[in-house]
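The structure under discussion appears below in the form of structure tokens.
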Amino acid sequence: MNERDHVLNAVVLAVGMSPLIVPRFDVSASWTFAKVGIPVVLGALVPDLDATFGSHRKTLHNLATLGVFVAFPFFFGNLQFVWIGVLTHYVLDLLGNVRGMALFYPWPREFDVPIGVTVSSRWATVVTLVVTGFELAIFELLVHTPLGWQSPWVAQLFPV
């Protein structure tokens, strides 16, 4: 996907995730939107930094990079939502494109899925919104499972 679709995905995710985290409409809901939205958008842009250095779709489009962003809040207590943006960037690049990603970089093999659209396709934004809908559904399942917010790992990954 292109940068515009990655940002669209992140903004729609933030709008959809915020009321799931704080299900009321007051000042705290606005604060939650900012607390979730800004890091998710920034995280969605991080992987494409490898277009300016390294090798695009390899250097920062891999599971090691995602692991760093998932682990970061456990060690430093901040950047809790950036990993969501990084992960959704990967999902869009795998499902919304015809080129693969080097998930185990520096091992050069690129992985992809047999479906996808080109970045310039008129369907690219539609695919982005469909993928975003599935991501929101998964997030809602995480929130409304019996473990829900009481689970320590969920609370650490999605602190309110």
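Each value in this text was obtained by applying a stated rule to the coordinates, not by laboratory testing. Remember, it's a predicted structure, so these values are computed and weren't measured experimentally. Positions of Cβ are backbone-derived with ideal geometry, glycine not excepted, and every protein chain shown enters the neighbour counts.
Structure summary
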| item | result |
| --- | --- |
| Estimated vicinal HN-Hα couplings, Hz - the stretch 64-69 in sequence order (Karplus 6.51, -1.76, 1.60; Gly, Pro = x) | 5, 4, 4, x, 4, 6 |
| Packing-based exposure ordering (other Cβ within 10 Å, fewest first) of SER18, SER55 | SER55, SER18 |
| Table column - 3J(HN,Hα) (Hz), the stretch 120-127, Karplus curve with 6.51, -1.76, 1.60, x for Gly and Pro | 8, 5, 5, 8, 4, 5, 4, 4 |
| Integer Hz, Karplus 6.51/-1.76/1.60 couplings in order for the stretch 32-44, x for Gly and Pro | 5, 4, 5, 5, 8, x, 4, x, 5, 5, 4, x, 5 |
| Cα long-axis angle, helix 3-21 against the chain (0 to 90 degrees, to the nearest 10) | 20 degrees |
| Rounded to the nearest 20 debye, dipole of the stretch 1-74 from Cβ charges on Lys, Arg, Asp, Glu | 100 debye |
| Cα gyration tensor category, rounded, prolate or oblate, for the stretch 3-157 with a/c compared to 1.5 | prolate |
| Simple spin-label estimate for VAL15 and PHE72 in nanometres, 7 Å along Cα-Cβ | 2.5 nm |
| Loop-resident sites, the stretch 3-90, for trypsin sites (Lys or Arg not before Pro), counting at most 14 other Cβ within 10 Å (DSSP) | ARG24 |
